[in-house]
Structures are given as structure tokens and as C-alpha cells.
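Report on the structure given below.
The values are calculated or read from the model by the stated rules, or taken from the named source; none is laboratory data. Note that this is a predicted model, so its numbers are computed, not measured. Ideal geometry is used to build each Cβ from the backbone, glycine not excepted, and the neighbour counts take in all protein chains shown.
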Amino acid sequence: MFGEELGSHGRPPAAAHVAPYQARPGRRAIVIDNLADLCGPTKGSVKLPLRLFWSLPDHHFDLDDPDIRRWYYQTVLREASRAEDLTTYLDAGTLTGLWPELFLPRGVRRAWEEYHPALRAVVSA
């Protein structure tokens, strides 16, 4: 591993790509290359940085509340601008479990399902 920069989890930084689809006007969706790199929190209170959530003064999300957890995932998927946003705040198992319930911009859903067909399969199941 000599010469490799390590990410926040002691591994090489995760790779992501910018999709040709929009997450919202003026921002294209970003998709992690490997779902296994999503190692974010699964419970408790999480504070999102201002660049990801600026709508309310309180940036804390209680992941133990199913409705709040769903809102949190929708927010991160829509607002992420780099791989670290995804790997720090999302968890692969939680994302897969929530995927059919998430209300996402069409571009975000399309980008993630094209790159990760397993997510599309979860919706079809």
C-alpha cells in the first residue's frame, strides 16, 4: 500500500463517478463504484455538514427513526458531490434495504440503478 492515500476508514479512498444524469438542476448525480465502500453509520444521531444539508438550523438526523433515516438517505444521495460524502454517511446494507422506499430525483435513481443493477433488482422483487 506504499504511496496510496488512505481514506477515513484506513483503506484506499473509494472511487466514484459523476453520472450523466442530474441529481437536481445544476448538479449531476454521483455514484460510488463499489457498494461495499459505503460504511457509514446505521443508528444513532448523525450530523450532516452544511454542504449536504442547509434547509434547517439543526443538521442532526436520528437514524433510529425510520422516516428520518429515509429522509437522510434521500438527502445524501441527492446532495453528494464526492465519494467521501457517500462513504462517510451511507451504509450499503441500509441503502439496499431502503432503496425501494426512497423518493429520489429520477436522475439519481437511474444513475445508481444503471451502475448497480442489484438495486434495480430490489425494486423489482
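Structure data summary
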quantity	calculated
Per-region count, the range 84-94, residues surrounded by fewer than 21 Cβ atoms within 10 Å (Cβ to Cβ), more than 19 Å from ALA118 (Cβ to Cβ) and touching a helix residue (DSSP H, G or I) at 6+ places or on another chain (Cβ under 9 Å)	0
Complete set of residues in the range 82-113 that are in a loop (DSSP other than H, G, I, E, B) and not basic (Lys, Arg)	LEU90, LEU102, PHE103, LEU104, PRO105
Count of the range 56-66 residues which are within 25 Å of GLN22 (Cβ to Cβ) and crowded, with 16+ Cβ neighbours inside 10 Å	1
Scan of the range 12-39 for residues that are charged (D, E, K, R) and within 12 Å of the chain's Cα centre (by Cα), ordered by number	ASP33, ASP37
Out of ARG69, ARG78, ARG110, sole residue that is in contact with a Phe, Trp or Tyr (Cβ under 7 Å, 6 or more places away or on another chain), charged (D, E, K, R) and surrounded by 17 or more Cβ atoms within 10 Å (Cβ to Cβ)	ARG110
When residues of the range 1-27 are limited to those that are at pLDDT 80 or above and part of a loop (DSSP other than H, G, I, E, B), the one surrounded by the most Cβ atoms within 10 Å (Cβ to Cβ)	ALA15
Pairs, first within 19 Å of ARG78 (Cβ to Cβ) and of a type in the set (Phe, Trp, Tyr) in the range 112-125, second part of a helix (DSSP H, G or I) and at pLDDT 90 or above, C-beta under 6 Å, six or more apart	TRP112/LEU119
Residues (without any contact (Cβ under 8 Å) to a residue 60 or more places away in the chain and over 17 Å from PHE61 (Cβ atoms)) located in the range 73-94	SER81, ALA92, GLY93
Breaking point among (1) without any contact (Cβ under 8 Å) to a residue 40 or more places away in the chain; (2) buried (at least 20 other Cβ atoms within 10 Å of the Cβ), for GLY97	(2)
